[in-house]
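Below: the structure, in structure tokens.
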């Protein structure tokens with residue numbers, strides 16, 4: 001009986017692993033199988049021409065550019081807010097501070113808010129501020145979406161930091177600010193992970209940009225213009241009755257996946273470069 | 001010497017002849033000294049240090065010994081105000097460093113810490129190169145000129161005997177050094193801020209015997225210029241390098257005095273028991 005339990009449990013565990021791998025292979029297999037034939041050079045170098053959504057010439061460069069602009073902008077905004085916040089609750093406030101608990105709790109709530117709610121909120125905010133549907137609006141809304149995840153994951157790694165390094169720095173007579181600067185260096189790999197997680201959520205999200213960044217066939221040339229995004233491009237193309245256009249939707253999915261991979265690998269490369277001197 | 005204050009004068013004028021080390025006993029009462037009066041430390045509701053009265057003589061090695069949990073490290077941390085970072089620690093009493101009570105209002109905590117070079121239990125190099133580790137302190141305290149920094153770094157790396165070992169690779173990460181080398185680097189880093197006192201918190205407990213020996217020799221060299229206060233729980237180490245011993249038990253100072261006297265002629269029953277190993 002003992003051995004029987006052991007066996008059953010082993011089968012369940014292996015089964016779980018197989019299911020996860022299967023799902024991954026199925027997703028990647030589908031987008032590649034359907035998308036690769038339509039993945040032409042034109043797809044990534046041209047903006048849609050007149051009849052693009054009916055199967056005529058063009059590409060999704062508008063969406064690629066829009067997605068990249070939005071994610072870079074929103075990462076910049078959320079880094080500027082996340083780093084000071086996380087440093088404050090970890091290094092400036094005492095360990096058992098009520099305020100830092102309140103902040104962590106709020107971040108958990110914000111993290112659970114669905115992206116369509118951010119989209120609606122972002123839209124309302126834009127109306128209030130008098131911003132039109134634009135790249136700017138998309139950047140602000142996506143920044144709100146990814147900030148909680150960035151802060152939370154940066155906070156997790158920061159809390160894991162041992163007390164020794166801060167103590168060593170303080171005993172050398174560093175101010176808190178000087179200490180924080182050195183600790184940030186130590187936290188670089190954790191910061192990169194936080195950026196990657198945030199980026200993964202931000203770049204693939206359709207609901208936030210639906211109302212706020214809009215959609216256009218052109219590459220935005222200023223913050224005030226609307227911007228297309230890859231998730232929306234995929235959505236519109238897959239919704240087309242024309243088979244060729246549907247396959248282009250899968251090709252766009254490949255592009256989105258590859259962009260995320262490129263960004264992740266380069267982030268990892270730079271983080272290892274910057275943190276060469278880490279312990 | 002570490003002696004309860006009231007006994008200080010007597011001990012000060014009594015040059016301990018049997019101590020084979022040269023201890024500048026006469027200078028005890030001048031400026032460069034640490035005096036602790038009625039120090040009580042509480043962590044939350046626990047009374048950690050009880051009525052500590054102590055004077056620590058300059059340019060000598062003072063070892064604080066005692067069983068684990070007796071408050072040795074807590075005591076050491078009160079000397080450079082590291083308890084400031086933990087609000088649940090309450091400190092009452094006076095700690096005079098160079099005749100300045102560091103717990104008085106308006107005392108600059110950075111200046112206090114600058115006077116104290118701390119060597120921690122485990123070496124903790126900063127996440128930067130060997131050179132930058134030593135240069136860090138002088139840089140944050142305002143030395144900007146490249147030449148001056150170079151000079152300081154080389155000087156202190158030489159002082160701890162690390163210069164010849166790392167000569168060609170001072171720009172490589174400090175984490176690549178062996179643990180013994182890291183501890184010496186941490187010492188050099190602490191010395192580079194030009195402290196007057198060196199605090200060691202079981203500074204050799206994570207090191208191999210050879211590195212321990214090197215660090216101990218450094219401590220002996222250091223006492224020519226600095227006042228060294230070490231926490232240790234190896235009695236043999238205390239015996240080897242200390243000029244004065246403070247024995248603490250459950251937050252109280254049980255006995256203190258010159259090393260030879262302390263080991264050969266302990267006055268309290270508790271000390272005798274501790275020395276004979278009936279508890280540790």
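See the values below:
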{"item": "Residues located in region A:27-43, provided they are touching a helix residue (DSSP H, G or I) at 6+ places or on another chain (Cβ under 6 Å) and in a helix (DSSP H, G or I)", "result": "A:31, A:34, A:35, A:38, A:43"}
{"item": "Flag for residue B:199 being within 11 Å of chain A (Cβ to nearest Cβ), within 20 Å of residue B:58 (Cβ to Cβ) and touching a residue at least 24 places away in the same chain (Cβ under 8 Å)", "result": "yes"}
{"item": "Residues (touching a residue at least 24 places away in the same chain (Cβ under 8 Å), surrounded by fewer than 19 Cβ atoms within 10 Å (Cβ to Cβ) and away from every other protein chain (no Cβ under 13 Å)) located in region B:92-116", "result": "B:92, B:93, B:94, B:96, B:98, B:99"}
{"item": "In region B:139-150, the residues that are in contact with a helix residue (DSSP H, G or I) (Cβ under 6 Å, 6 or more places away or on another chain) and facing another protein chain (nearest Cβ under 10 Å)", "result": "B:140"}
{"item": "Of all residues in region B:158-175 being away from chain A (no Cβ under 14 Å) and outside any helix (DSSP H, G or I), the one that is surrounded by the fewest Cβ atoms within 10 Å (Cβ to Cβ)", "result": "B:161"}
{"item": "Test: residue in region B:67-85 that is more than 15 Å from the chain's Cα centre (by Cα), within 21 Å of residue B:206 (Cα to Cα), crowded, with 18+ Cβ neighbours inside 10 Å and without any contact (Cβ under 8 Å) to a residue 60 or more places away in the chain", "result": "no"}
{"item": "Odd one out for residue A:217 among (1) surrounded by 18 or more Cβ atoms within 10 Å (Cβ to Cβ); (2) under 13 Å from residue A:60 (Cβ atoms)", "result": "(1)"}
{"item": "Segments classed as helices (runs of 4 or more DSSP H), wholly inside region A:153-252, with at least 3 members that are in contact with a strand residue (DSSP E or B) (Cβ under 9 Å, 6 or more places away or on another chain), over 30 Å from residue A:133 (Cβ atoms) and within 14 Å of another protein chain (Cβ to nearest Cβ)", "result": "A:164-171"}
{"item": "Hey, residue B:262 more than 14 Å from chain A (Cβ to nearest Cβ) and free of Cβ contacts under 8 Å to residues at least 60 places away in the same chain or not", "result": "yes"}
{"item": "Check on residue B:191, within 14 Å of chain A (Cβ to nearest Cβ) and within 27 Å of residue B:58 (Cα to Cα)", "result": "yes"}
{"item": "Where residue B:220 falls short, out of the listed (1) more than 24 Å from residue B:82 (Cα to Cα); (2) without any contact (Cβ under 8 Å) to a residue 60 or more places away in the chain; (3) assigned to a helix (DSSP H, G or I)", "result": "(2)"}
{"item": "Subset of region B:117-138 [part of a loop (DSSP other than H, G, I, E, B) and either in contact with a helix residue (DSSP H, G or I) (Cβ under 8 Å, 6 or more places away or on another chain) or facing chain A (nearest Cβ under 7 Å) (or both)]", "result": "B:120, B:122, B:123, B:124, B:125, B:126, B:127, B:128"}
{"item": "Hits in region A:263-272 (condition: under 13 Å from the mean Cα position of the chain (by Cα), modelled with pLDDT of 75 or more and over 17 Å from residue A:63 (Cα atoms))", "result": "A:264"}
{"item": "Breaking point among (1) crowded, with 24+ Cβ neighbours inside 10 Å; (2) under 15 Å from the mean Cα position of the chain (by Cα); (3) within 14 Å of another protein chain (Cβ to nearest Cβ); (4) modelled with pLDDT of 90 or more, for residue B:230", "result": "(3)"}
{"item": "Residue tally, condition loosely packed, with under 12 Cβ neighbours inside 10 Å and not in a helix (DSSP H, G or I), over region A:103-127", "result": "1"}
{"item": "Any chance residue A:24 is touching a residue at least 24 places away in the same chain (Cβ under 8 Å) and either closer than 26 Å to residue A:145 by Cα or not in a helix (DSSP H, G or I) (or both)", "result": "no"}
{"item": "Check on residue A:260, within 30 Å of residue A:132 (Cα to Cα) and modelled with pLDDT under 85", "result": "yes"}
{"item": "Residue tally, condition modelled with pLDDT of 90 or more and either in a loop (DSSP other than H, G, I, E, B) or touching a helix residue (DSSP H, G or I) at 6+ places or on another chain (Cβ under 8 Å) (or both), over region B:61-73", "result": "4"}
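The values are calculated or read from the model by the stated rules, or taken from the named source; none is laboratory data. Quick caveat: nothing in here was measured; it's all calculated off a predicted structure. With ideal geometry, Cβ positions are generated from the backbone for all residues, glycine too; neighbour counts draw on all protein chains shown.
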